[in-house]
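Read the structure below first, then the notes.
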Amino acid sequence: MSKLKLTDILVTVVISIMFGVIYKLWGPFYNLLKPIGLHADQFIYGMWFMAATVAFLVIRKPGVALLAEIAASSGEFLMGSEWGLEVLLFGVIQGLMAELVFLVAKYKRYDLSIICFAAVGSSCGSIFMDYMKGYMGDLVFWNLSLFVVARLLGSIVIAGAGSFYLVRALEKTGVTSLVRRASQDDYDVLNH
């Protein structure tokens, strides 16, 4: 397992800044879905976990997922997030949870399933944070279940599969070879 180089950190921060902008722009879209009800907004919540999964797929080193989420949430905060400083704490927890999944896989798996598990890990971290805020305890069981299932499914689709196929497309263009050389094993994993 190799350590992060300055290039790895800079690329992670650039990816994160891009996602910080996306996170900021995603907030109004998220709020637009709230009035629909049935937790439709939770199906798109997974966007806020993408920095960790995309950065890890590109760099593939320990610490990248955590760094990416912290940097992305910092960027969102600096652009005037409607959630204030709270986004920084969410970023730390979401990044840590994704990082734990990659740690369990010994940072050696880059397939769709591990990326989806990392997205679920980030989602569980965000659910824990929302639970600690106190409002989730007011939901009746069926409504709480719908909330949790919607967020988990949204994270799998957006931060899991979405990140995987986004980086897969980037791999095919050769952009990621500027950061790391792609081996045949990398391509084989992406083709499964």
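The values are calculated or read from the model by the stated rules, or taken from the named source; none is laboratory data. Bear in mind that the values here come from a model prediction, so they are computed numbers and not experimental data. Please note: Cβ atoms are built from the backbone with ideal geometry, for glycine as well, and neighbour counts cover all protein chains shown. With ligands, DNA and RNA removed, areas are computed over all heavy atoms of the protein, side chains included. Shrake-Rupley method; radii C 1.70, N 1.55, O 1.52, S 1.80 Å.
Results for (1) open to solvent by less than 10 Å² (accessible area, probe 1.4 Å); (2) more than 13 Å from Ser163 (Cα to Cα); (3) at pLDDT below 95, shown as yes or no for each residue.
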site: Lys3; (1), (2), (3): no, yes, yes
site: Val13; (1), (2), (3): no, yes, yes
site: Leu25; (1), (2), (3): no, yes, yes
site: Thr53; (1), (2), (3): yes, no, no
site: Val64; (1), (2), (3): yes, yes, no
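Take Leu33 and decide whether it is at pLDDT below 90 and either closer than 18 Å to Met129 by Cα or among the aliphatic types (A, V, I, L, M) (or both). Before you say what the answer is, go through the steps one by one.
Numbers: at pLDDT below 90: yes; either closer than 18 Å to Met129 by Cα or among the aliphatic types (A, V, I, L, M) (or both): yes.
Yes.
Output the residue which, of all residues in the range 66-82 that are among the aliphatic types (A, V, I, L, M) and surrounded by fewer than 19 Cβ atoms within 10 Å (Cβ to Cβ), is farthest from Phe29 (Cα to Cα). I'd like the intermediate steps shown before the answer.
Residues of the range 66-82 that are among the aliphatic types (A, V, I, L, M), as a first pass: 66-68, 70-72, 78-79.
With surrounded by fewer than 19 Cβ atoms within 10 Å (Cβ to Cβ) added as a condition, the list becomes 78-79.
Working: Leu78: 19, Met79: 16 Å.
This residue is Leu78.
Can you find even one residue in the range 99-110 that is outside any helix (DSSP H, G or I), of a type in the set (A, V, I, L, M, F, W, C) and modelled with pLDDT of 95 or more?
Within the range 99-110, the subset outside any helix (DSSP H, G or I) is 105-110.
Now drop any that are not of a type in the set (A, V, I, L, M, F, W, C), which leaves 105.
Keeping just the survivors that are modelled with pLDDT of 95 or more gives 105.
There is at least one residue in the range 99-110 that is outside any helix (DSSP H, G or I), of a type in the set (A, V, I, L, M, F, W, C) and modelled with pLDDT of 95 or more.
Is there a residue in the range 131-147 that is open to solvent by less than 10 Å² (accessible area, probe 1.4 Å) and modelled with pLDDT under 90?
Of all residues in the range 131-147, those open to solvent by less than 10 Å² (accessible area, probe 1.4 Å) come to 136, 147.
Within this subset, residues satisfying the condition of being modelled with pLDDT under 90 are 136.
Scanning the range 131-147, I find at least one residue that is open to solvent by less than 10 Å² (accessible area, probe 1.4 Å) and modelled with pLDDT under 90, so the answer is yes.
So, Leu85, is that one within 10 Å of the chain's Cα centre (by Cα) and open to solvent by 20 Å² or more (accessible area, probe 1.4 Å) or not? Show your work before the answer.
Working: within 10 Å of the chain's Cα centre (by Cα): no; open to solvent by 20 Å² or more (accessible area, probe 1.4 Å): yes.
When the stated conditions are applied, Leu85 does not pass them.
Scan the range 27-49 residue by residue and report those that are in a helix (DSSP H, G or I), open to solvent by less than 60 Å² (accessible area, probe 1.4 Å) and over 21 Å from Leu85 (Cβ atoms).
Leu33, Ala40, Asp41, Gln42, Ile44, Gly46
Against the condition over 23 Å from Leu170 (Cα atoms), modelled with pLDDT of 90 or more and part of a helix (DSSP H, G or I), how does Ile93 come out, does it pass?
On the way: over 23 Å from Leu170 (Cα atoms): yes; modelled with pLDDT of 90 or more: yes; part of a helix (DSSP H, G or I): yes.
Taking the combined requirement at face value, the residue satisfies it.
Conditions tested, residue by residue: (1) more than 22 Å from the chain's Cα centre (by Cα); (2) under 12 Å from Gly46 (Cα atoms); (3) part of a helix (DSSP H, G or I).
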{"site": "Ile127", "(1), (2), (3)": "no, yes, yes"}
{"site": "Tyr131", "(1), (2), (3)": "no, no, yes"}
{"site": "Gly137", "(1), (2), (3)": "yes, no, yes"}
{"site": "Leu146", "(1), (2), (3)": "no, no, yes"}
{"site": "Leu152", "(1), (2), (3)": "no, yes, yes"}
{"site": "Ile156", "(1), (2), (3)": "no, yes, yes"}
{"site": "Ala159", "(1), (2), (3)": "no, yes, yes"}
{"site": "Leu166", "(1), (2), (3)": "no, no, yes"}
{"site": "Leu170", "(1), (2), (3)": "no, no, yes"}
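Of everything in the range 170-192, what is modelled with pLDDT of 70 or more, open to solvent by less than 50 Å² (accessible area, probe 1.4 Å) and not acidic (Asp, Glu)? Give them in sequence order. Before the answer, list the steps.
Our first condition is that a residue be modelled with pLDDT of 70 or more; within the range 170-192, this holds for 170-179.
Cutting the leftovers down to open to solvent by less than 50 Å² (accessible area, probe 1.4 Å) gives us 171, 174, 176-177, 179.
Of everything in the range 170-192, those that are modelled with pLDDT of 70 or more, open to solvent by less than 50 Å² (accessible area, probe 1.4 Å) and not acidic (Asp, Glu) turn out to be Gly174, Thr176, Ser177, Val179.
Exactly one of these conditions fails for Tyr107: (1) in contact (Cβ under 8 Å) with a residue 24 or more places away in the chain; (2) open to solvent by 20 Å² or more (accessible area, probe 1.4 Å); (3) among the aromatic types (Phe, Trp, Tyr); (4) out of contact with any Pro (no Cβ under 8 Å at 6 or more places or on another chain). Give me its number.
Tyr107 satisfies all of (1) in contact (Cβ under 8 Å) with a residue 24 or more places away in the chain; (2) open to solvent by 20 Å² or more (accessible area, probe 1.4 Å); (3) among the aromatic types (Phe, Trp, Tyr); (4) out of contact with any Pro (no Cβ under 8 Å at 6 or more places or on another chain) except (4).
Could we say that Ile115 is closer than 17 Å to Ala161 by Cβ, surrounded by fewer than 24 Cβ atoms within 10 Å (Cβ to Cβ), β-branched (Val, Ile, Thr) and out of contact with any strand residue (DSSP E or B) (no Cβ under 9 Å at 6 or more places or on another chain) here? Walk me through how you get there before you give the answer.
On the way: closer than 17 Å to Ala161 by Cβ: yes; surrounded by fewer than 24 Cβ atoms within 10 Å (Cβ to Cβ): no; β-branched (Val, Ile, Thr): yes; out of contact with any strand residue (DSSP E or B) (no Cβ under 9 Å at 6 or more places or on another chain): yes.
Taking the combined requirement at face value, the residue does not satisfy it.
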